[in-house]
Amino acid sequence: MGLLKNIKNKLSDNSLAEGVNCIKNDKYEEALKYFENGLKKNPKDAALWNYKGFTLEKLEKFQEALKCFDNSLKLDPEKVITWNSKGVTFVRFGNVEEGIKCYDKALELHSEFDGIIDGLWINKGVAFERLGNVEEAIKCYDQALEINPSSGLALQQREKLVS
């Protein structure tokens, strides 16, 4: 039984690697096929669900993407990157308040080793901008710059608001 599980994990790992490679080349439809194939073999792979959701978000299939992120979070509820991706999808879908809740959850769960924390603050700042809350957006960009003073994007977004 352990051997079969190991083989399934190897097959889904290959699907994940191939799908991510497609994403890097902006081949989202092809990536989606790899992730779906991997999920047929291993439906309990949180990373595959997350990447499938990410790919669907890029294809502007927001409702389907959110379902994938929910599946991923059922399997791994503390995955910061999935909370971030779910937040991005909500914001792009037009539900900015829900997006902010996802960013807050990701920030609550993060560790200093996540490496995406400044990006979370930038995403949250963009969400506040969409709500017209410039003051909160600036605070988010300031947080991002405190974490990563060389973040050109945070600096650009902040300067746009204070000029």
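The values are calculated or read from the model by the stated rules, or taken from the named source; none is laboratory data. Predicted model, so just to flag it, every value in this text is computed and none were measured. As a convention, Cβ positions derive from the backbone with ideal geometry for all residues, glycine included, and neighbour counts pool all protein chains shown.
Is it true that LYS86 is surrounded by 19 or more Cβ atoms within 10 Å (Cβ to Cβ), among the charged types (D, E, K, R) and within 20 Å of LEU32 (Cβ to Cβ)?
Judged against the criteria, LYS86 is a match.
Please work out which one of (1) outside the structural domain of GLU36 (by TED's automatic domain parsing); (2) closer than 27 Å to ALA46 by Cα is the condition CYS68 fails and give its number.
Unmet for CYS68, out of (1) outside the structural domain of GLU36 (by TED's automatic domain parsing); (2) closer than 27 Å to ALA46 by Cα: (1).
So is GLY125 small (Gly, Ala, Ser) and either touching a strand residue (DSSP E or B) at 6+ places or on another chain (Cβ under 8 Å) or touching a residue at least 40 places away in the same chain (Cβ under 8 Å) (or both) or not?
No.
Between LYS105, LYS33, LYS40, which is free of Cβ contacts under 8 Å to residues at least 60 places away in the same chain, assigned to a helix (DSSP H, G or I) and not assigned by TED's automatic domain parsing to the domain that holds SER15?
None of the others qualify; the one that does is LYS105.
Of these, LYS101, LYS124, which one is closer than 26 Å to GLU136 by Cα, surrounded by 23 or more Cβ atoms within 10 Å (Cβ to Cβ) and among the charged types (D, E, K, R)?
Of the residues listed, the single one that is closer than 26 Å to GLU136 by Cα, surrounded by 23 or more Cβ atoms within 10 Å (Cβ to Cβ) and among the charged types (D, E, K, R) is LYS124.
So is GLU108 out of contact with any Cys (no Cβ under 6 Å at 6 or more places or on another chain), modelled with pLDDT of 95 or more and of a type outside the set (Lys, Arg) or not?
Criteria not met by GLU108.
Kindly provide the set of residues from the range 108-134 that are in a helix (DSSP H, G or I) and either out of contact with any helix residue (DSSP H, G or I) (no Cβ under 8 Å at 6 or more places or on another chain) or among the aromatic types (Phe, Trp, Tyr) (or both), ordered by number.
GLU108, TRP121, PHE128
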